[in-house]
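Below is one structure; the comments refer to it alone.
The values are calculated or read from the model by the stated rules, or taken from the named source; none is laboratory data. The shown structure was predicted, so the numbers you read here are calculated from the model rather than taken from an experiment. All Cβ positions, even for glycine, are placed from backbone atoms using ideal geometry, and neighbour counts span all protein chains on display.
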Amino acid sequence: MVLVPRAADGDEDALRALIVQHAPTMRALARRLMATDCEVDRVVRQAFMIVLTSLDGGEDDARGLKMKLLQHTCRESLARNSYLDVLKRREDGYRYNECS
């Protein structure tokens, strides 16, 4: 059986296998896009959550899954960078600690 339908059905081993398979590429992309390495894991985790919670049992195209994961990693990286820029520009004295 293919990993994607199994993961869509809640198979934890299949989910783990997908994470192990795709996380290194996602982390590499996020590192290239992020202003700081401290946020990379958060971005990758968020992209996985978005894509894996939207899986349906009929999806079995591994290449399509990889593209979705990379697209969401890119979107989340850019959104996170924008959010961090806003926090850094606050004028009320708030200091954001990037690595906490």
* Are there any pairs with C-beta distances below 6 angstrom linking a residue in segment 54-83 that is among the charged types (D, E, K, R) and modelled with pLDDT of 90 or more to a residue that is crowded, with 16+ Cβ neighbours inside 10 Å and in a helix (DSSP H, G or I), with the two at least 6 apart or on different chains, and if so which? -> 68/51; 76/43; 76/46; 76/47
* Structure fact -> Flagged in segment 41-56 as touching a helix residue (DSSP H, G or I) at 6+ places or on another chain (Cβ under 8 Å), more than 13 Å from residue 70 (Cα to Cα) and part of a helix (DSSP H, G or I), in numbering order, are 41, 42
* Go through segment 1-27 residue by residue and tally those that are within 12 Å of the chain's Cα centre (by Cα) and either in a loop (DSSP other than H, G, I, E, B) or under 14 Å from residue 75 (Cα atoms) (or both). => 2
* segment 17-27 - residue that is in contact with a helix residue (DSSP H, G or I) (Cβ under 9 Å, 6 or more places away or on another chain) and surrounded by fewer than 15 Cβ atoms within 10 Å (Cβ to Cβ) and, of those, nearest to residue 55 (Cα to Cα) -> 17
